[in-house]
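FYI, it's all coordinate maths here, none of it is from the lab. Because the structure is a prediction, the values reported are computed rather than measured. Backbone-built Cβ (ideal geometry, glycine too); neighbour counts: all protein chains shown.
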Amino acid sequence: MLVIVGSKNRIKLSAVQKAFQLFNFDAEIIGVDVKTSVTDQPIGINETVKGALERASGALIKRPDADLGVGVEAGLIKWFSRYLDQHVAIIIDREGGKTLGVGPAFELPPRVLSTVLGENLELDAAFEKVVGIKNVGKSMGLIGFVSRGKIMREELVEAAVLMALAPRLMPREYGLQALGLKKGK
């Protein structure tokens, strides 16, 4: 099956590939650039889900030959008085069936958070301004820095995609189209 991801970010593409492999789906994963209507740094669950949905549907529009579109969006989600960084994944099939998953979330360093909110910056830009490291979101992710390399962004993205993909293991129960598993699985 052909799976198009609404991003060319290599971390997202690798995470999607790993998630599909873990569940033994026979999939070719390709990334395409998709513009969304959300801000560069989504804040709140609604904006983050909207970004993931627009990435998944945009991927399907760009590649009419695709079986599935996958959108992954990271956003700052407010939990009581704190903000957590969390990834949302949405998978859309050609029948219009949608599945959603979220990954683990972690609290942002206070100086990075205040820079994001106070200066209306994207997380990568705020992190660079506060810590001096460029493009952390395209490498280990902020979680890689916070966890001192023990947890990487790719793992958070993969977890979100796995949660969106899991219902597709039981398509009838979720009212979804069946997907192709690798032979013998």
### Message
Using 20 Å as the Cα-Cα cut-off, could you pick out the over-long pairs in Lys62/Lys138; Lys18/Lys62; Lys12/Lys78; Lys8/Lys138; Lys8/Lys50?
### Response
Lys62/Lys138; Lys18/Lys62; Lys12/Lys78
### Query
Helix 45-62 versus the longest principal axis of the chain: what angle, 0 to 90°, nearest 10, using Cα atoms?
50
### Task
Hey, can you grab everything whose amide H is under 5 Å from the amide H of Gly31? Only 5+ residues off in sequence or another chain; H modelled, so Pro and N-termini drop out.
Val5
### Query
Any idea what angle helix 10-22 forms with the longest principal axis of the chain, computed on alpha-carbon atoms, 0 to 90 degrees, nearest 10?
40
### Query
Got a sec to turn the phi values of the stretch 80-92 into Karplus ³J(HN,Hα) couplings, 6.51 cos²θ - 1.76 cosθ + 1.60 with θ = phi - 60°, whole Hz, x for Gly and Pro?
6, 9, 10, 10, 10, 8, 9, 9, 10, 10, 10, 10, 10
### Query
In nanometres, what is the gap between the two model label sites at Ile45 and Val131, each 7 Å from Cα along Cα-to-Cβ?
2.7
#### Entry: Proximal aspartates and glutamates to Lys129, defined as alpha-carbon separation beneath 13 angstrom and excluding residues fewer than eight positions away on the same chain
Glu119
### Query
Once phi is turned into θ = phi - 60°, what whole-Hz ³J(HN,Hα) does the Karplus curve with 6.51, -1.76 and 1.60 give for every residue of the stretch 148-157, x standing for Gly and Pro?
6, x, 7, 10, 10, 4, 4, 5, 5, 5
### Query
So how much slack lies between Asp65 and Leu22, counting 0.36 nm per residue of separation and subtracting their Cα-Cα distance, in nm?
13.1 nm
### Query
Taking springs between alpha-carbon atoms closer than 10 angstrom, which of Ile61, Ile43, Ile11 fluctuates most in the Gaussian network model of the chain?
Ile61
### Query
What nm value, rounded to one decimal, do you get for the distance between Leu84 and Ser139 when each label is placed 7 Å out toward the C-beta?
2.7
### Query
Cα axis of helix 110-119 to longest principal axis of the chain: angle in degrees, 0 to 90, nearest 10?
90
### Query
How far apart, in nm, are the 7 Å Cα→Cβ label points at Ser37 and Ser114?
3.5
### Query
To the nearest 0.05, how large is the calculated FRET efficiency for Arg172 and Glu107 if R₀ is 45 Å and r is the Cβ-Cβ distance?
0.70
#### Entry: the chain: most fluctuating residue of Leu117, Leu100, Leu108 per GNM, C-alpha cutoff 10 Å
Leu117
